[in-house]
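Notes follow the structure.
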Amino acid sequence: MLGIAERTVTADDGTAVVVVTPRGELDLAAIASLDSALRSALATAGTQPRLVIDLSDVDVLQPVTLGVLLDAHRRCRAASGSLALVVSTPGVAATLTETGVESLFEVASGLPAALRRVSNR
């Protein structure tokens, strides 16, 4: 079962960053919920959005959901913002690597590093 939390945190440099934390499986059944959550987060983030998607609590990341992550990334960049992924589990890292999309994202192993990556842009 998928659960998604959203919160706004302040990075060390004072930048407001919206953190979206999905939990469970990101599979075909999760696409609509994930897309809705990321669109809401981008709206919350405002102009020049700073967004972190924390995948630490994701058990399964199926390639079918990558389009939603890529769309959020594209929207952030179009608004002169930035997006980073927190990837701390081998299965999620393997999916990103095997599909060839890892290089398209700022990837960090923990939330503090991800906050630094999006706030330093």
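All conditions in (1) without any contact (Cβ under 8 Å) to a residue 40 or more places away in the chain; (2) touching a strand residue (DSSP E or B) at 6+ places or on another chain (Cβ under 9 Å) hold for residue 9, with the sole exception of (1).
Out of all the residues in the range 88-101, is one or more within 12 Å of the chain's Cα centre (by Cα) and not β-branched (Val, Ile, Thr)? There is no residue in the range 88-101 that is within 12 Å of the chain's Cα centre (by Cα) and not β-branched (Val, Ile, Thr).
Residues of the range 12-27 being under 19 Å from residue 41 (Cβ atoms) and not small (Gly, Ala, Ser), which ones? Step through it out loud before you land on a result.
If we filter the range 12-27 for residues that are under 19 Å from residue 41 (Cβ atoms), which is where we start, we get 15-24, 26.
Within the range 12-27, 15, 17, 18, 19, 20, 21, 22, 23, 26 meet the criteria.
Residue 7 - would you say it is charged (D, E, K, R) and under 15 Å from residue 115 (Cβ atoms)? It is true that residue 7 is charged (D, E, K, R) and under 15 Å from residue 115 (Cβ atoms). The residue that is least open to solvent (accessible area, probe 1.4 Å), counting only those in the range 76-118 that are free of Cβ contacts under 8 Å to residues at least 24 places away in the same chain and part of a loop (DSSP other than H, G, I, E, B), is 100.
Restricting attention to the range 59-95, which residues are of a type in the set (D, E, K, R) and within 26 Å of residue 43 (Cβ to Cβ)? Listed by number, the residues that qualify are 71, 74, 75, 77.
The values are calculated or read from the model by the stated rules, or taken from the named source; none is laboratory data. Predicted, not measured: the structure shown is a model, and the values here were computed from it. No Cβ is skipped: glycine too gets one built from the backbone with ideal geometry, and neighbour counts run over all protein chains shown. What goes into the accessible areas is simple: the full protein's heavy atoms, side chains included, and nothing from ligands, DNA or RNA. Shrake-Rupley method; radii C 1.70, N 1.55, O 1.52, S 1.80 Å.
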